[in-house]
Amino acid sequence: MDCACCVSSKRRQFLGAITALAGGVMAGVSATAAQAASTITTGVTRSIDIHAHYYPESYCDLVGGDGKKFGGRFTCDASSFSFQTPAGALGPLPMKFIDVDERLKDMDGSGVDIQALSLSVPMAYWGDRAFNAKLASTWNDAASKVYLQHPARFVVLATLPMLNASDAIDELDRAAELPGVRGVYMGTNINNRDLDDPLFEPVFKRIEQHKLPVFLHPQQTVGGSRLADFYLSNLLGNPFDTAIAGSHLILGGVLDRHPELQVTLPHAGGALPILMGRIDAGWTTRPETRWLAQKPSSYLRRFSYDTVSHSGPVLDFLIQNIGIDRLVLGSDYCFDMGYEQPVRFLDRLALPPEQRNLVLGGNAAKLLRI
């Protein structure tokens with residue numbers, strides 16, 4: 001690619017460091033992991049951000065390289081980069097999405113001890129099967145290397161090539177053994193297929209067997225041209241798509257078929273919690289939903305919810321109606337619709353210390369086995 005960032009000295013230094021890490025890190029994994037474990041101080045709650053996006057340079061290069069034949073494009077300059085793919089476009093985004101050193105500075109400045117790294121739009125659900133699998137494995141390998149370099153600061157939420165169930169299971173089995181992987185990241189829909197589609201049933205079964213939590217994120221959201229203005233595709237499309245995904249997991253029987261499956265909804269559950277009374281009313285009157293043995297609202301505690309709501313009263317609603325133990329810290333790093341100071345945002349809730357510590361990191365530590 002002929003973009004400025006791809007020939008910069010900073011990029012060469014980055015690639016050199018990764019090459020050195022790949023060549024020598026495995027020999028020191030045990031010592032590094034032990035060092036990370038020794039940083040845990042009994043009685044001190046570490047802040048854990050479960051909603052933090054990362055674009056490895058190897059992933060970006062793949063989108064702009066092999067991805068060209070599928071309509072992918074990656075461009076960048078000294079300060080920003082952009083994606084364009086059949087699954088969506090994004091950017092310009094700041095380079096600190098890629099630069100781990102800049103990320104660590106931001107984490108220190110915002111009081112975040114640990115980030116759970118995840119991919120975001122355009123995810124990995126495009127191209128053919130082989131390219132889809134390559135996108136996922138490239139991201140997972142790169143994120144795991146970041147964990148190995150900074151095991152006290154990061155964990156990894158693996159992405160899967162969900163266009164084919166067998167490919168997704170193969171990558172899940174492989175990624176589950178990678179250092180730092182603590183969960184699975186998934187779109188609220190997969191190439192416009194909802195999550196109760198039979199295609200994904202064996203994948204959820206295997207995820208449940210691995211005892212890995214699933215974290216959802218909106219992509220290819222509903223609304224089309226009606227949400228094109230005023231950034232409504234994000235402001236409304238994202239929370240609506242989260243509500244649709246959660247509803248399909250409930251009404252489509254996914255949560256019943258997989259009773260041990262743990263799912264975290266982004267953006268404080270989107271529109272789902274506030275609309276649950278209406279969904280319950282439909283369950284009592286409409287034959288399309290009445291087959292469900294329990295009312296839909298009884299499933300709300302099957303989900304966890306991040307704090308990216310931009311509203312203290314919304315989070316109070318979740319705490320009062322679902323439970324303090326289901327709320328986890330999130331920032332949506334480092335999108336402009338996220339929090340620059342996710343820890344400070346908790347101060348809006350006026351929680352007693354023990355409850356604040358649960359949201360700050362206690363709940364996430366249990367979920368992610370940290």
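Derivation of every value follows stated rules applied to the coordinates shown; laboratory data play no part. Quantities reported herein were computed from a predicted structural model and do not represent experimental measurements. Glycine gets a Cβ as well: all are built from the backbone with ideal geometry, and neighbour counts include every protein chain shown.
Values computed for the structure shown
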{"item": "Gyration tensor verdict on region 231-370 (Cα atoms; rounded if a/c is under 1.5, prolate if a/b is larger than b/c, oblate otherwise)", "result": "prolate"}
{"item": "Reachable lysines from LYS211, criterion Cα separation under 17 angstrom, eight or more residues apart if same chain", "result": "LYS366"}
{"item": "Selected from SER311, SER225, SER298 as most flexible by GNM, with the chain as the system and alpha-carbon contacts under 10 Å", "result": "SER225"}
{"item": "Cβ-based charge dipole, the chain, positive-most Cα from TRP291, PHE200, PRO161", "result": "TRP291"}
{"item": "Euclidean distance between Cα centres, region 70-104 to region 326-370, Å", "result": "26"}
{"item": "Total charge dipole magnitude, region 304-347, about the Cα centre, Cβ charges on Lys, Arg, Asp, Glu only, Debye to nearest 20", "result": "120"}
{"item": "Candidates ASP347, ASP229, ASP101, ranked by Gaussian network fluctuation over the chain, Cα under 10 Å, top entry", "result": "ASP229"}
{"item": "Positive dipole terminus of region 44-159, leading residue within SER137, PRO151, SER80 (C-beta point charges)", "result": "SER137"}
{"item": "Helix runs (DSSP H) in the chain reaching 18 Å along axis by Cα, Kyte-Doolittle at least 0.5", "result": "237-251, 272-285"}
{"item": "Region 250-317 shape via C-alpha gyration tensor axes, a/c threshold 1.5", "result": "oblate"}
{"item": "Under 25 Å from the Cα of LYS96 - lysines, other chains or at least 8 residues apart", "result": "LYS10, LYS68, LYS105, LYS134, LYS145"}
{"item": "Sum of side-chain charges, ARG301 neighbourhood, beta-carbon under 15 Å (Lys, Arg +1; Asp, Glu -1)", "result": "0"}
{"item": "Residue (of ASN238, VAL263, PHE345) at the positive-pole extreme of the chain, dipole from beta-carbon charges", "result": "VAL263"}
{"item": "Exposed GluC sites (Glu not before Pro) absent - longest run of the chain, DSSP non-H/G/I/E/B, at most 12 other C-beta within 10 Å", "result": "1-176"}
{"item": "Percent of beta bridges antiparallel (DSSP, the chain, rounded to nearest 5)", "result": "30"}
{"item": "Simple Cβ-charge dipole of the chain, Lys/Arg +1 and Asp/Glu -1, about Cα centre, in debye nearest 20", "result": "340"}
{"item": "Choice from ALA152, ALA89, ALA168 showing the highest fluctuation, given a GNM over the chain with Cα pairs closer than 10 Å", "result": "ALA89"}
{"item": "Two-decimal ratio, region 211-268, of alpha-carbon radius of gyration to 2.2 N^0.38 Å", "result": "1.29"}
{"item": "Label-reachable residues, region 308-322, where backbone N falls under 12 Å from a point 7 Å from ASP280's Cα toward its Cβ", "result": "321-322"}
{"item": "Rounded if a/c under 1.5, otherwise prolate or oblate - region 170-238, Cα gyration tensor axes", "result": "prolate"}
{"item": "About the Cα centre, charge dipole magnitude for region 211-370 (Lys/Arg +1, Asp/Glu -1 at Cβ), debye", "result": "500"}
